[in-house]
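Just so you know, all these numbers are worked out from the coordinates, no wet-lab data involved. Since we're looking at a predicted model, the values are computed, not measured. Glycine also receives a Cβ, built like all others from the backbone with ideal geometry; neighbour counts cover every protein chain displayed.
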Amino acid sequence: MEHIDFLSHEQVCELTGAKIKARQIAILKANGIPHTIKASGWPCVIAANLMPHMKQKIEAPSEWRPRKAS
C-alpha cells in the first residue's frame with residue numbers, strides 16, 4: 001500500500017482562506033475539491049487531489065469491437 005500525503009491543518013486553512021471548519025468544508029465543496037471529514041469534524045484533503053500530475057493516469061477505453069466473427 002502506498003503512503004498517502006494529507007494536507008496539514010495550516011495548508012487547508014491556506015487553501016480555503018478559512019479557519020472555521022464549516023467554512024472550509026463549504027469552500028472545498030464549492031470548488032469541487034475532493035475531501036473527507038475526520039471524526040473531529042475537520043476536513044481532510046489528500047495532497048495528490050490538488051496536483052494532476054500525481055494522480056494515476058486512467059487508460060482510455062479502447063474502441064468497442066463486436067466479438068462476433070465477420
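Model label points for ARG23 and GLU2, set 7 angstrom from Cα along the Cα-to-Cβ axis, are 3.4 nm apart. Residues whose amide H falls under 5 Å from that of PHE6, counting only those 5 or more places apart or on a different chain, are ALA47, with hydrogens built in the peptide plane.
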